[in-house]
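The values are calculated or read from the model by the stated rules, or taken from the named source; none is laboratory data. Nothing here was measured: the structure is a model prediction, and the numbers come from that model. In this analysis, Cβ positions are derived from the backbone assuming ideal geometry, glycine residues included, and neighbour counts consider all displayed protein chains.
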Amino acid sequence: MNSVAPPVSDPSVETASVTPAQAVMDLEREYLLQNYARYPLVLGRGKGCYLYDLEGKRYLDFISGIGVNALGHAHPRLTKVIREQAGLLIHSSNLYYHQYQGPLAKRLAQMSGLARCFFSNSGTESMEGALKMVHSHGRAISHEKYQVIALDNSFHGRSFGALSITGQAKYRADFEPLVPGAVFVPINDIAALEAAFNQNTAGIVLEMIQGEGGINPLTPEFVAKARELADRYNALLVADEIQCGVGRPGTYFAYQRANPVTMPDVMVTAKPLACGLPLGVIMANEKAAATIKPGMHGTTFGGGALACRVALEFCDILDELMPSIQRVGGYFHAELNQLATKYSFIKEVRGYGLMLGVELAMPGKEMVTQAMAQGLLINCTHDTVLRFLPPFIVTEKQVDQAVKVLGKIFAKVK
């Protein structure tokens with residue numbers, strides 16, 4: 001009996017009506033967890049402060065991978081370093097030494113004023129390590145000393161420990177009960193802060209400029225009081241600089257904006273450090289560093305040769321860019337304030353350097369969509385705050401381009 005072969009389908013006929021971008025989105029919807037509310041935009045490449053979709057449309061990137069792509073896209077110095085190092089050594093684990101962790105740790109110690117460094121892969125992982133320091137510190141004093149003070153509207157990561165001290169119920173609710181001991185106080189409320197501290201307080205965690213919480217800076221007085229209370233009750237002060245650090249506020253770290261500087265015991269950061277490669281950091285003074293004994297913490301991927309070498313190159317470039325971050329950031333802030341004088345629904349412009357937010361009197365999600373349609377990528381956080389995290393290489397001319405788009409969008413609000 002002769003068998004009849006099934007007809008061969010022609011993929012070009014079946015997919016003729018499906019664009020390349022739609023094919024990408026359809027494939028993800030079929031096989032990925034549907035936990036991201038993505039915008040319908042498929043990016044293909046980037047150059048400088050601009051991104052391009054698969055059809056070649058250009059977008060001015062004022063969110064920079066949520067603060068990660070600090071030098072924009074395809075920066076020539078980083079591209080050169082990545083190509084060279086990829087041909088030498090990418091990963092070796094922390095069983096052995098390589099030649100970039102030590103120099104990067106020294107550089108970060110000089111930048112931060114803290115003594116010792118641990119490399120991780122992300123901000124969340126860095127926060128987990130910092131919380132282990134806090135708990136280890138408290139446990140050495142008393143089994144009851146595990147309270148951690150955090151702030152309302154804070155965001156510290158997606159893991160159980162980081163979620164436990166994230167002061168936004170919408171992130172915690174689906175996963176409770178979480179790690180016990182978290183106490184939340186309102187931002188910049190010194191009386192509430194004093195009331196929260198007691199002998200069982202092991203640490204306090206502060207975002208010096210809240211990111212996901214709406215670009216809310218802490219006052220120098222509040223931070224100074226936190227330092228005083230941490231010392232009084234023998235607790236560790238942890239600065240979360242994952243989003244607001246490494247140059248973005250116009251200083252190396254946001255806690256350095258105050259004069260005099262209030263030093264933390266522990267500082268965590270990540271996002272811009274390796275400009276798109278995963279790299280997180282915990283910096284600690286000797287007191288906090290001593291809480292982690294051999295075998296108490298570790299990582300497989302953290303601090304690889306490729307990521308550390310890129311971070312070293314970034315630090316060199318950052319020093320050159322710091323005056324520009326301050327100048328262009330100040331210019332952008334002034335231009336946003338100028339828009340605020342024209343539109344009454346703009347409640348406030350907040351932030352420092354190239355970490356700025358515009359609080360609106362209404363939800364801002366639709367404005368993000370409108371901006372994208374006009375070739376500007378921004379973000380809305382805390383429902384009503386338009387967030388701007390442009391690359392550090394941004395120019396005044398590109399700020400003008402962004403402000404022009406924002407002006408067109410704001411003019412349509414009724």
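Laid out as a table, the results:
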{"item": "Hits in region 271-286 (condition: more than 19 Å from G203 (Cβ to Cβ) and crowded, with 20+ Cβ neighbours inside 10 Å)", "result": "K271, P272, L273, A274, C275, G276, L279"}
{"item": "Candidates S122, S93, filtered to the one that is at positive phi and in the same structural domain as L279 (by TED's automatic domain parsing)", "result": "S93"}
{"item": "One residue from I165, I209 being farther than 21 Å from N234 by Cα and among the β-branched types (V, I, T)", "result": "I209"}
{"item": "Checking S120 against (1) within 18 Å of the chain's Cα centre (by Cα); (2) over 20 Å from E286 (Cα atoms); (3) buried (at least 23 other Cβ atoms within 10 Å of the Cβ), the condition it does not meet", "result": "(2)"}
{"item": "Members of region 228-242 that are touching a strand residue (DSSP E or B) at 6+ places or on another chain (Cβ under 6 Å) and not aliphatic (A, V, I, L, M)", "result": "Y233, D240, E241"}
{"item": "Test: residue in region 332-340 that is touching a helix residue (DSSP H, G or I) at 6+ places or on another chain (Cβ under 9 Å) and either within 24 Å of L108 (Cβ to Cβ) or of a type in the set (G, A, S) (or both)", "result": "no"}
{"item": "Sole exception among (1) surrounded by 21 or more Cβ atoms within 10 Å (Cβ to Cβ); (2) more than 18 Å from S164 (Cα to Cα); (3) among the small types (G, A, S); (4) touching a strand residue (DSSP E or B) at 6+ places or on another chain (Cβ under 6 Å) for A192, by number", "result": "(1)"}
{"item": "Matching helices (runs of 4 or more DSSP H) fully within region 69-171 where at least 1 residues are of a type outside the set (S, T, N, Q) and over 23 Å from C244 (Cα atoms)", "result": "76-86, 101-112, 123-141"}
{"item": "Residue check for V183: surrounded by fewer than 22 Cβ atoms within 10 Å (Cβ to Cβ), on the phi < 0 side of the Ramachandran plot and either touching a residue at least 40 places away in the same chain (Cβ under 8 Å) or not assigned by TED's automatic domain parsing to the domain that holds K347 (or both)", "result": "yes"}
{"item": "Positions within region 60-71 being in contact with a Gly (Cβ under 8 Å, 6 or more places away or on another chain) and either closer than 14 Å to K271 by Cβ or surrounded by fewer than 21 Cβ atoms within 10 Å (Cβ to Cβ) (or both), in sequence order", "result": "S64, G65, G67, V68, N69, A70"}
{"item": "Which listed residue is at pLDDT below 95, under 20 Å from the mean Cα position of the chain (by Cα), at negative phi and crowded, with 20+ Cβ neighbours inside 10 Å, from G245, G213", "result": "G213"}
{"item": "The one condition in (1) out of contact with any strand residue (DSSP E or B) (no Cβ under 8 Å at 6 or more places or on another chain); (2) among the β-branched types (V, I, T); (3) in contact (Cβ under 8 Å) with a residue 12 or more places away in the chain that T79 fails to fulfil", "result": "(3)"}
{"item": "Answer residue from region 248-258, given it is over 15 Å from the mean Cα position of the chain (by Cα) and surrounded by fewer than 24 Cβ atoms within 10 Å (Cβ to Cβ) and is farthest from V148 (Cα to Cα) among those", "result": "G250"}
{"item": "Residue within region 379-397 that is among the basic types (K, R) and more than 20 Å from the chain's Cα centre (by Cα) present", "result": "yes"}
{"item": "Among (1) in contact with a Gly (Cβ under 7 Å, 6 or more places away or on another chain); (2) of a type in the set (D, E, K, R); (3) closer than 30 Å to P180 by Cβ; (4) touching a residue at least 40 places away in the same chain (Cβ under 8 Å), the one test that K132 misses", "result": "(1)"}
{"item": "Condition met for V205 (hydrophobic (A, V, I, L, M, F, W, C), outside the structural domain of S64 (by TED's automatic domain parsing) and farther than 21 Å from H382 by Cβ)", "result": "no"}
{"item": "Yes/no for E335 being under 20 Å from Q398 (Cβ atoms), without any contact (Cβ under 8 Å) to a residue 40 or more places away in the chain and either surrounded by fewer than 21 Cβ atoms within 10 Å (Cβ to Cβ) or among the aromatic types (F, W, Y) (or both)", "result": "no"}
{"item": "Some residue of region 287-307 being aromatic (F, W, Y) and buried (at least 18 other Cβ atoms within 10 Å of the Cβ)", "result": "no"}
{"item": "Members of region 160-178 found to be crowded, with 16+ Cβ neighbours inside 10 Å and under 21 Å from S120 (Cα atoms), listed by number", "result": "G161, A162, L163, S164, I165, T166"}
